[in-house]
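> Sharing a structure, written as structure tokens. Questions coming.
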Amino acid sequence: MDFDLIIIGGGIVGAAAAYRAGQLGARTLQCDRRDKGRATDAGAGILAPESSTRDGRLWYDFALDAVDYYSVLIDDLTADGVPIEELTRAYSLCSKLSVALDDTEAAALAEMEQEIYARQEERRPPSAEMIRRISPAEARNTFFPPLADASAVLLQPVSRRVDGRLMTAALEGGLRSRGVRTLDADVSALLLEDGRVYGIRTASGEDYTAGAVLIAGGAWSAAFADQLNVRIPVAPQRGQIIHLHVPGQDTSSWSIVGGFSGHYQVPWPGGRVAVGATRETGSGYAPQATVEGIQEVLHEALRLAPGLRNAAIQEIRVGLRPYTSDHLPLLGSIPRVRGVYLATGHGPTGLTLGPFSAKLVVEQALDQPFAWDLAPFSTTRFIR
Ligand SMILES: Cc1cc2nc3c(=O)[nH]c(=O)nc-3n(C[C@H](O)[C@H](O)[C@H](O)COP(=O)(O)OP(=O)(O)OC[C@H]3O[C@@H](n4cnc5c(N)ncnc54)[C@H](O)[C@@H]3O)c2cc1C
């Protein structure tokens, strides 16, 4: 056997999985095809489950543990020699505003507020960092100067943002220091015998064997379903996001802003503000910007923050989110086939959940103890 574990995919999930496997001392190979439309390269980077009520309780509980895991990961990467400046550019704490622009959105905000408080009382005791209302004037003067004249604003004083590209690069630094082997390769098939996966074949015809194979191929993961004779119900959902440059402003201390139309804004140091994003279910594998998508993103951006009207358009990014219909990831072993594991389907919240998911699935694949019941995330939930 060449390796203990082979990981297919080099987005945030594949990179975090490879890093965890390296930490556990497993002989590991990570293969990546670097597809155009890799979701990690386009992700906005909001890590804020505390103020997200869109998804259910299971998602919320998992996401709270997942954001806690980020601090463990940052400490571990620091100890493994990844420069602290690199990590600080990749991941940082910041505040977040939820902004209602009219009476209908204000009613939605009030409902959301009740749910946040109920969850917070139950899971995390109230603290000085508790989410609270602030006046629209305070929101604009202190937290996000380009903001519209809002109806109601909720402040989450402590939230986080992650740059998917930089975080993946930091994980790559960590996994190299742990002796993980990486390969730029297109994995064209799994090696399968008697209901057990024992390796992979690349498009150039090389075979590599392993005790276990982990599929972390994002929106492309379903390509292995036929061979495994299972459903892997993940599909690409295109997201278009625009990076703006606001000259002469110190954007480093601005808040993340979330609106009620599904759109948001994420400030970064150096005058950069990312505004997004479309959610195009059924887009197929078509990672290009479109006229309609860009119009939607800019329209919503200016509705939330008219003060951005003179910002320069710096870059348009397009990613294919690995979408599942119930907004939960697909994690862990697969029924009836041994030696193969999934860590995919993180949809719009893979930067939040991905590293933690990857850690748990690697621990399962390597027969280590792991701290979450992965059964609710199994593909079996889609079998009637
Ligand atoms: C516009 C946008 C905004 C987003 N905002 C947020 C956000 O604010 N917060 C949040 O938490 N999440 C966000 N997300 C979601 C998040 O980015 C994704 O869920 C996450 O990055 C998925 O990571 P992944 O590693 O599973 O997939 P990807 O990053 O897509 O990586 C998959 C990798 O696998 C490789 N691969 C696939 N098949 C093969 C094969 N056969 N052989 C070799 N390699 C293969 C691909 O080439 C690719 O490199 C956003 C996404 C988008 C598009």
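> Residues Arg176, Arg133, Arg181: which one is surrounded by fewer than 20 Cβ atoms within 10 Å (Cβ to Cβ), out of contact with any Asp or Glu (no Cβ under 7 Å at 6 or more places or on another chain) and either small (Gly, Ala, Ser) or more than 30 Å from Asp32 (Cβ to Cβ) (or both)?
Details: Arg176 fails: either small (Gly, Ala, Ser) or more than 30 Å from Asp32 (Cβ to Cβ) (or both); Arg181 fails: either small (Gly, Ala, Ser) or more than 30 Å from Asp32 (Cβ to Cβ) (or both).
None of the others qualify; the one that does is Arg133.
> Can you confirm whether Gly282 is modelled with pLDDT of 95 or more, away from the ligand (no atom under 12 Å from the Cβ) and not acidic (Asp, Glu)?
Numbers: modelled with pLDDT of 95 or more: yes; away from the ligand (no atom under 12 Å from the Cβ): yes; not acidic (Asp, Glu): yes.
Taking the combined requirement at face value, the residue satisfies it.
> Does Val230 qualify as being modelled with pLDDT of 95 or more and either in contact with a helix residue (DSSP H, G or I) (Cβ under 8 Å, 6 or more places away or on another chain) or over 18 Å from Gly347 (Cα atoms) (or both)? Can you show your working first?
Working: modelled with pLDDT of 95 or more: no; either in contact with a helix residue (DSSP H, G or I) (Cβ under 8 Å, 6 or more places away or on another chain) or over 18 Å from Gly347 (Cα atoms) (or both): yes.
Taking the combined requirement at face value, the residue does not satisfy it.
> Which of the following residues is surrounded by fewer than 23 Cβ atoms within 10 Å (Cβ to Cβ), closer than 23 Å to Asp373 by Cβ and without any contact (Cβ under 8 Å) to a residue 40 or more places away in the chain: Val67, Val72?
Values: Val67 fails: without any contact (Cβ under 8 Å) to a residue 40 or more places away in the chain.
Answer to the check: Val72.
> Which members of the stretch 339-356 meet the condition of being more than 9 Å from the ligand (Cβ to nearest atom) and touching a helix residue (DSSP H, G or I) at 6+ places or on another chain (Cβ under 8 Å)? Full working, then the answer.
Initial filter on the stretch 339-356 (more than 9 Å from the ligand (Cβ to nearest atom)): 339-342, 355-356.
Selection gives Val340, Tyr341, Leu342, Pro355, Phe356.
> When the stretch 341-384 is examined, which residues are found to be at pLDDT below 95, more than 30 Å from Thr278 (Cβ to Cβ) and not in a loop (DSSP other than H, G, I, E, B)?
Listed by number, the list holds a single entry, Thr380.
> Still on this structure, please answer the following. Which of the residues that make up the stretch 137-172 are assigned to a helix (DSSP H, G or I) and of a type in the set (A, V, I, L, M)?
Within the stretch 137-172, the first condition is being assigned to a helix (DSSP H, G or I), and the residues that meet it are 137-143, 164-172.
Hits for the stretch 137-172 are Ala137, Ala139, Leu166, Met167, Ala169, Ala170, Leu171.
> Any idea which residue in the stretch 357-378 is farthest from the ligand (Cβ to nearest atom), counting only those that are of a type outside the set (D, E, K, R) and out of contact with any Gly (no Cβ under 9 Å at 6 or more places or on another chain)? Write out each step before concluding.
As a first pass, look at the stretch 357-378 and keep what is of a type outside the set (D, E, K, R): 357-358, 360-362, 364-366, 368-372, 374-378.
Checking which are out of contact with any Gly (no Cβ under 9 Å at 6 or more places or on another chain) leaves us with 362, 368-372, 376.
Details: Val362: 13, Gln368: 21, Pro369: 24, Phe370: 19, Ala371: 20, Trp372: 18, Pro376: 18 Å.
So, considering only residues that are of a type outside the set (D, E, K, R) and out of contact with any Gly (no Cβ under 9 Å at 6 or more places or on another chain), the one farthest from the ligand (Cβ to nearest atom) is Pro369.
> Name, by its number, the condition in (1) within 16 Å of the ligand (Cβ to nearest atom); (2) farther than 24 Å from Trp59 by Cβ; (3) surrounded by 14 or more Cβ atoms within 10 Å (Cβ to Cβ) that does not hold for Glu315.
(3)
> Please enumerate the residues belonging to the stretch 173-193 that are in contact with a Ser or Thr (Cβ under 9 Å, 6 or more places away or on another chain) and outside any strand (DSSP E or B).
The answer is Leu175, Arg176, Arg178, Gly179, Val180, Ala185, Asp186.
> Are there any pairs with C-beta distances below 6 angstrom linking a residue in the stretch 31-45 that is closer than 13 Å to Val13 by Cβ to a residue that is part of a loop (DSSP other than H, G, I, E, B) and near the ligand (Cβ under 6 Å from one of its atoms), with the two at least 6 apart or on different chains, and if so which?
Asp32/Gly10; Arg38/Gly11; Thr40/Gly11
The values are calculated or read from the model by the stated rules, or taken from the named source; none is laboratory data. Just so it is clear, the model here is predicted, and its values are computed rather than measured. No Cβ is skipped: glycine too gets one built from the backbone with ideal geometry, and neighbour counts run over all protein chains shown.
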